[in-house]
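As structure tokens, the structure follows; a few thoughts come after it.
The values are calculated or read from the model by the stated rules, or taken from the named source; none is laboratory data. Keep in mind that what you see is a predicted model, and the values were worked out from it rather than measured. When we count neighbours, we look across all protein chains shown, and the Cβ atoms used for this are built from the backbone with ideal geometry, even at glycine. Areas reflect the complete protein model, heavy atoms only, side chains present, ligands, DNA and RNA absent. Shrake-Rupley method; radii C 1.70, N 1.55, O 1.52, S 1.80 Å.
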Amino acid sequence: MVGNTEPFIVAYQNSVSFLSQARAWLAAAMALLGCALLTACGGSGEAAGGGEVKTVTIASIAYPYQGKQVYNGVNGVVIEQGWLKEQLAKKGVDLVFTPVSTAVGGPLINEGFSGKRIDFASYGDFPAVIAVAGGVPLKIVAPVGQGQDVYIVVRKGLAARSIADLKGKRIALHRGRPWELPFSKLVDSSGLKLSDFKIVNINPSATPAALQSGSVDAAVLLSDGLLVEQKGIGRVIWSTKQAPADWKMRAELFGRADFVDAHPDLTQLVVEAFVRAAAWASDEANKAEVIRRAARGALPEDIVAKDYAESGIAWRERFSPIFGPAVREHYRSVADYALERGLIRKKVDTGALLDERFVDKALKDLKLEQFWAREGGARN
């Protein structure tokens, strides 16, 4: 187990009385599938003693859609463009994308990094900081956009209007996941403590049923919170749209530090592929297609479109790979906050975490140096 992730992983195993047996078996099956996939892939496939790479493995959240696993966002574009696979093949290297279910998410990716079964992963800020604090050396080799909003949803019939109104209530919060940080910051800024609430540790996929049955009073979710509201199961009372921009949940392309340093040529190809994909997704002409792809197996297109439209982020900047001041400040803030609150036990050097050289070269080679705002997050 990765260093300090143990408290969170132990929490994941807590039984939740209101989940049906069918849901429990489904979640277990998804977790086992993810574990099997990460175990099966051989990481970089480096030959013993020689350091020759046979496979580059990238892990990312995927969704079941029309009988197969699909990757949304920039990851999906990288796969569909095929450029990275072709470039690696010229070097005799295979490309493997490993799907990870949202049911297991960051902790499973951390396990993959720790066991050197994956080389890169596109995932959230908080789990990555946990991994680094626990002794797993990672580097951010490319930012992946400007963050996602986090929502607090209360069950139908509950009169609560603010976080203060939820004091003493049962709140569904999947512990150790990226959205825990914005929630914790909201609690602190309101003069409250996590202990003021009854935290119920369940996966977001089980949350709608928990809200509908009254087993929980509120939930912390991503854009699926908008879907819960649309279905009349609950009502959004707060989101990070009402908070400082730094509170948004971020996800980046992380690389295993030893792989990145040993194979900068392969890392450059991976990063360039993501920059190419980001440029395509940032083109306003591709907006409808980006939304369509983002909805595959996850959320209805109208929910994805609403989440994007109300984010306050210009479309061109939504998928920006720029290491702007906002990125650097965000990770410094996440690491400091997690340490101060005892969520990690070791200080993380975020200066060493960010590795900007690959994006800088990709932007130059692709003549995209002026394509995105250098601040990495211009607003509408």
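Observations
- Per the listing Val56, Val96, Val10, the residue uniquely open to solvent by less than 30 Å² (accessible area, probe 1.4 Å) and either modelled with pLDDT of 55 or more or of a type in the set (A, V, I, L, M, F, W, C) (or both) is Val56.
- Taking every residue in segment 172-198 that is surrounded by 20 or more Cβ atoms within 10 Å (Cβ to Cβ) and pairing it with any residue that is of a type in the set (Asp, Glu) and part of a helix (DSSP H, G or I), at least 6 positions away or on another chain, the pairs with Cβ-Cβ distances below 7 Å are Leu173/Glu180; Pro178/Asp125.
- Candidate set from segment 206-219 (those that are in contact with a Ser or Thr (Cβ under 9 Å, 6 or more places away or on another chain) and under 19 Å from Gly168 (Cα atoms)); member that is most open to solvent (accessible area, probe 1.4 Å): Ser215
- Residue check, Lys248 in contact with a strand residue (DSSP E or B) (Cβ under 7 Å, 6 or more places away or on another chain), at pLDDT below 95, charged (D, E, K, R) and under 29 Å from Val150 (Cβ atoms): yes
- Remark: Arg374 matches the filter, which requires a residue to be in contact (Cβ under 8 Å) with a residue 12 or more places away in the chain and either in contact with a helix residue (DSSP H, G or I) (Cβ under 6 Å, 6 or more places away or on another chain) or open to solvent by 60 Å² or more (accessible area, probe 1.4 Å) (or both).
- Whichever residue in segment 281-308 is in contact (Cβ under 8 Å) with a residue 12 or more places away in the chain and basic (Lys, Arg) and, among such residues, is surrounded by the most Cβ atoms within 10 Å (Cβ to Cβ): Arg293
- The listed residue being closer than 16 Å to Glu252 by Cβ, open to solvent by less than 20 Å² (accessible area, probe 1.4 Å) and at pLDDT below 95, out of Gly73, Gly105: Gly105
- Meets criteria (out of contact with any Lys or Arg (no Cβ under 8 Å at 6 or more places or on another chain), among the hydrophobic types (A, V, I, L, M, F, W, C) and crowded, with 20+ Cβ neighbours inside 10 Å) for Ala262: no
- With respect to (1) part of a helix (DSSP H, G or I); (2) of a type in the set (Phe, Trp, Tyr); (3) closer than 21 Å to Val70 by Cα, the lone exception for Phe254 is condition (1).
- Inter-residue pairs, beta-carbon under 8 Å, first hydroxyl-bearing (Ser, Thr, Tyr) and in segment 329-348, second part of a helix (DSSP H, G or I) and crowded, with 21+ Cβ neighbours inside 10 Å, 6+ apart: Tyr331/Asp125; Tyr331/Val129; Tyr331/Leu353; Tyr337/Leu181
- So Leu253, is it crowded, with 21+ Cβ neighbours inside 10 Å and in contact with a helix residue (DSSP H, G or I) (Cβ under 6 Å, 6 or more places away or on another chain): yes
- Pro300 vs. criteria at pLDDT 95 or above and under 30 Å from Arg175 (Cβ atoms): no
- Selection count where residues are open to solvent by 10 Å² or more (accessible area, probe 1.4 Å) and either more than 22 Å from Asp283 (Cβ to Cβ) or at pLDDT 90 or above (or both), scope segment 309-325: 8
- Within segment 141-165, restricting attention to residues that are over 18 Å from Pro208 (Cα atoms), touching a strand residue (DSSP E or B) at 6+ places or on another chain (Cβ under 9 Å) and at pLDDT 95 or above, the residue that is most open to solvent (accessible area, probe 1.4 Å) is Arg161.
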